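Heads up, the thing below is written out as structure tokens.
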Amino acid sequence: MVRRRESIYFFLFRFVAYVAVGFLVLVVLLLVKLGADALSLTFLTKPWSHRDIASGGIIQAIAGSFYLGLGIVVVGVPLGVATAIYLVEYSRENVWKRIIELAIQNLASVPSVVYGLFGFAVFVNLLRFGSSLLSAVLVLSMMVMPWVITAAVEALKSVPRRWRESSLALGASRWSTIRRIVLPAAMPGIITGSIIGLARALGETAPIIIVGATFYMNGLPTSVFDKFMTLPYHTFILATQHADPKAPSYAAATAVVLIGLTFCMSVGAMVLRTLYRRRREW
Amino acid sequence: MFRLYRFEKSRYVFTALATVTVVCLAGIFFFLASVGLGAFRQISLREFLFGLVWNPTAYGSVSWGIGALLMGTVLVSVTALVVAVPIGLAVAIYLSELASPRAREFIKPAVEMISSIPSVVLGLLGLLFFAPLIARLFGLTNALNALTAALLVAIAALPTIASICDDALSSVPARYREASLALGASQWETIRKAVLPAAKSGLLAGILLGFARIIGETMIVLMVAGNSVAFPRSLLDPVRPLAANIAIEIKEVVIGSLHWQALFAIGLMLFMLTFILNLLADVLVRKKLKA
Amino acid sequence: MPPVISGHNVNVWYNGLHALKDASLEIAERQITAFIGASGSGKSTLLRCLNRMLDTIPTARATGEIFYRGQNVFAPDMDVMALRRRVGMVFQNPTPFPKSIYDNIAYGLELQGYVNRRRIGLLRRQPIDPQAMAASTDRLDRAVMQSLQDAALWDEVKDRLHKSALGLSGGQQQRLCIARSITVQPDVLLLDEPCSELDPISTRKIEDFLLALKRDYTIVIVTHNMHQARRISDETCFFHLGELIEQGPTGVVFATPRHPLTRDYLSGAFG
């Protein structure tokens, strides 16, 4: 009797886990099915045409997301890595370290729309960056920091302590030790974590609705103070605020490109991580 | 007696860079509070929290009650939590206790991948697929309502809950399991009576953090919750949760106006809620570490 | 001849645990001094004080004085990096960096700003021709080759200088680490149980290496193995529960120990 109940429970757990994974597959299949009509080379490479959505493409949205990603790599990732270096290499067990750790933890769970509010008040208005690529990059960099920090802390901690000691014993300063020994060894882990964080940030929509994305523009942004198009915002507008009967299908197609991008980045990062773990010699 | 200590310029540089995180968090709080609290010079806290009508742009008599919006948030969040917690726990138990290493290596990344589905994509799926499905199931003409939103938000929060709970379960020392099995307990009894209690505070922390994620979810509720400021009477009514309300209205308001301040006050509420959930989770995790 | 290093009333606490109690000692130039004693007797702690590697343990606190050639090692304004270039250290586990053999040896000199122009950026991965190395006049090449020859490693690794040092055997790795330490031409070499992880043959090679190094370097070695201390050291310090019980010439300490604890330890009554 007990045995039977046990096997029922276990079957349930397994079933639920597989359903959860199945859902992922379902999402992709559904989207591809819905967006299949709209997906074409034109769609991927042509600029957006507002009048007749079938004649244009989403190249500006792809480029906009790319610029955003570039901005985050320049601003958010280095700050995140620097904070991780502080936490692992420099901090002592004191109140300041605790405060920083708590701040990171809380930044990770601040609702994205609140980030948007903050960005709108501070970057757009107070600092007069306007609704722009710059404001969006700064807001998304704030969001990405806790994710990058968590991954980088893991990576730095996995570098054996004895290498640091050996380097210090040769007369190296702590900074030379970090630069020449610790960072190169931790770099694959840091890159992996950053890619995953970046993929998540590029899917964020609520903050960029508020601080700068636009649905239609001529050409590409030419400076960091320009507005920009992005894939998630484009998906959102097509899905909810466009009257054309073909809009849902184009929204799905845009979503396919978006998750294609984020999945490729995430899978790439995971493969990198696995390969690296296999190759690791310490 | 002295403490061995060495001056390092790089230490100061990195301490300063790390402080950016604290500045960001403090900055968020400061701006939300400084703008948001301004609203209460003209709106009474009672009207704000318990008023049922949110109509900031009405001609004549404006009204600032977030009751209906709050109810929307509560309906969606609680339903989502009720759906996501059992599933998240089941996935976590499967991953940490039952799955073979190979299955784990495949399922764990898959769960991580779910968390990388942008919420706007989930919202789109809701619009195009889930809402029609639920409409047919319940015989509704339009299923953009709290229930549809809650189901999708539950999916968005599932990976958070599953992976933190998995960490909590996996960190239970093997000797707990061995001791229980050695006493003749079945595997299920071992999980229920030894492993789950030992991981209790970690599991609760995972649920709290999942809840924080649920409350802050914006895009899904913006797209599929129905966007109605009327007070909802059931799960099948359309709602407009707090986060969606901010996203909808913030671009339309005059900067510095009372409406602007009121939206920041809502933002402050959301921030404080997630902040408190986070602190609770942190306390739980620390308590466990000490024990 | 004045001692290279002298310590007076050195005390160390880890988080309040008194790990080293009032140790005073002198270390003579171009001799091998062995620290012996059971685990937790404070010998490694004292060793770490000598070049301030104790700083890397955040909970440690120290008092007393240690003079290295007249400079107070514990002084707050001590240039610790310069000190460690003069007083090098080799650890218990072999710790080659995840770099090529060449880069491991060259690391200490590169820290001091020496650059080999032929080996910048991606060029680092290029194979190194041993003949070209032998003929090279580049300062780094000469130093790397010299160190490897001193460690009797040159013939074993000359054809794989560009390959990862992690591919070497344990004994080779440890000799590489010692070679890496002497490349920066220190004055004193501290070794913390360098052979405890190695087989007898590798241990023998390292002992020969150390005996050869004695001509140019002052050496302090912590060892678990009293036979090793007897084989290679000139001076022996015996530690017990954080106290330096006895210091003297190795022959004397082993033949006629003054303190009953030393006698018991050497006869194998504990440890």
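Step by step: first the residues of segment C:24-45, then only those that are under 21 Å from C:Tyr14 (Cα atoms) and among the polar types (S, T, N, Q), then the one that is surrounded by the fewest Cβ atoms within 10 Å (Cβ to Cβ). Which residue is that? Among residues in segment C:24-45 that are under 21 Å from C:Tyr14 (Cα atoms) and among the polar types (S, T, N, Q), the one surrounded by the fewest Cβ atoms within 10 Å (Cβ to Cβ) is C:Ser39. Only one of C:Pro94, C:Pro98, C:Pro58 is surrounded by 21 or more Cβ atoms within 10 Å (Cβ to Cβ), at pLDDT below 95 and within 14 Å of chain A (Cβ to nearest Cβ). Can you tell me which? C:Pro94 is the lone residue from the list that is surrounded by 21 or more Cβ atoms within 10 Å (Cβ to Cβ), at pLDDT below 95 and within 14 Å of chain A (Cβ to nearest Cβ).
Give the residue that is farthest from C:Ser147 (Cα to Cα), with candidates limited to residues of segment C:92-136 that are of a type in the set (Phe, Trp, Tyr) and in a helix (DSSP H, G or I). It would help to see each step written out before you state the result.
Of all residues in segment C:92-136, those of a type in the set (Phe, Trp, Tyr) come to C:97, C:102, C:107, C:114.
Cutting the leftovers down to in a helix (DSSP H, G or I) gives us C:102, C:107.
Working: C:Tyr102: 11, C:Tyr107: 12 Å.
Residue satisfying both the conditions and the ranking: C:Tyr107.
The criterion of being away from chain A (no Cβ under 11 Å) and at pLDDT 90 or above holds for B:Ala150. Restricting segment A:115-125 to residues that are at the interface with chain B (Cβ under 8 Å from one of its Cβ atoms) and crowded, with 23+ Cβ neighbours inside 10 Å, the residue that is farthest from the chain's Cα centre (by Cα) is A:Ala121.
Output the helices (runs of 4 or more DSSP H) that fall wholly within segment A:39-135 and possess 2 or more residues being at pLDDT 90 or above and of a type in the set (Phe, Trp, Tyr), or say none.
By residue number, A:59-85, A:112-119.
Listed here are the residues, each with its yes/no results for (1) in a helix (DSSP H, G or I); (2) more than 22 Å from A:Leu24 (Cβ to Cβ).
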| site | (1), (2) |
| --- | --- |
| B:Asn142 | no, yes |
| B:Thr148 | yes, no |
| B:Val172 | no, yes |
| B:Arg177 | yes, yes |
| B:Ala185 | no, yes |
| B:Glu189 | yes, yes |
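Just to be sure, is B:Ser116 out of contact with any Lys or Arg (no Cβ under 7 Å at 6 or more places or on another chain) and either under 18 Å from A:Gly22 (Cβ atoms) or modelled with pLDDT of 95 or more (or both)? Considered against the rule, which asks whether it is out of contact with any Lys or Arg (no Cβ under 7 Å at 6 or more places or on another chain) and either under 18 Å from A:Gly22 (Cβ atoms) or modelled with pLDDT of 95 or more (or both), B:Ser116 comes out as no. Among the residues in segment A:244-258, are any without any contact (Cβ under 8 Å) to a residue 40 or more places away in the chain, loosely packed, with under 14 Cβ neighbours inside 10 Å, assigned by TED's automatic domain parsing to the domain that holds A:Arg164 and under 28 Å from B:Gly226 (Cα atoms)? Yes, there is a match, as at least one residue in segment A:244-258 is without any contact (Cβ under 8 Å) to a residue 40 or more places away in the chain, loosely packed, with under 14 Cβ neighbours inside 10 Å, assigned by TED's automatic domain parsing to the domain that holds A:Arg164 and under 28 Å from B:Gly226 (Cα atoms). Determine if segment B:43-50 includes at least one residue that is in a helix (DSSP H, G or I), exposed (fewer than 13 other Cβ atoms within 10 Å of the Cβ) and within 14 Å of another protein chain (Cβ to nearest Cβ). No, the conditions are met nowhere in segment B:43-50. For first residues located in segment A:215-238 and among the acidic types (Asp, Glu), partners that are assigned to a loop (DSSP other than H, G, I, E, B) and lie 6+ apart or on another chain with Cβ distances below 7 Å form the pairs A:Asp226/A:Ser132. Among the numbered conditions (1) more than 10 Å from chain A (Cβ to nearest Cβ); (2) touching a Leu at 6+ places or on another chain (Cβ under 9 Å), the only one that B:Arg233 does not meet is (2). When B:Pro232 is tested against the conditions (1) surrounded by 18 or more Cβ atoms within 10 Å (Cβ to Cβ); (2) not in a loop (DSSP other than H, G, I, E, B), the lone failure is (2). Screening segment A:196-245 for residues that are within 14 Å of chain B (Cβ to nearest Cβ) and of a type in the set (S, T, N, Q) and picking the one that is nearest to the chain's Cα centre (by Cα) gives A:Thr205.
One line per residue, one yes/no per condition, for (1) within 17 Å of C:Phe35 (Cβ to Cβ); (2) in contact (Cβ under 8 Å) with a residue 24 or more places away in the chain; (3) in contact with a Pro (Cβ under 7 Å, 6 or more places away or on another chain):
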position	(1), (2), (3)
C:Gly171	no, yes, no
C:Ile182	no, yes, no
C:Leu189	yes, yes, no
C:Arg204	no, no, no
C:Asp216	no, yes, no
C:Val222	yes, yes, no
C:Arg231	yes, yes, no
C:Asp234	yes, yes, yes
C:Leu244	yes, yes, no
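With respect to the conditions (1) farther than 14 Å from A:Leu202 by Cα; (2) within 10 Å of chain B (Cβ to nearest Cβ), A:Ser112 lacks only one, and its number is (1). Looking across segment B:161-184, the residues that are surrounded by fewer than 24 Cβ atoms within 10 Å (Cβ to Cβ) and within 25 Å of the chain's Cα centre (by Cα) come down to B:Ser163, B:Ile164, B:Asp167, B:Leu169, B:Ser170, B:Ser171.
Of C:Ala132, C:Ala179, which residue is outside the structural domain of C:Lys43 (by TED's automatic domain parsing) and either of a type in the set (A, V, I, L, M) or surrounded by fewer than 16 Cβ atoms within 10 Å (Cβ to Cβ) (or both)? C:Ala132 is the lone residue from the list that is outside the structural domain of C:Lys43 (by TED's automatic domain parsing) and either of a type in the set (A, V, I, L, M) or surrounded by fewer than 16 Cβ atoms within 10 Å (Cβ to Cβ) (or both).
The values are calculated or read from the model by the stated rules, or taken from the named source; none is laboratory data. It should be emphasised that the depicted structure is a prediction, and the values quoted were computed from it without experimental measurement. Note: ideal-geometry Cβ built from the backbone for every residue, glycine included; neighbour counts use all protein chains shown.
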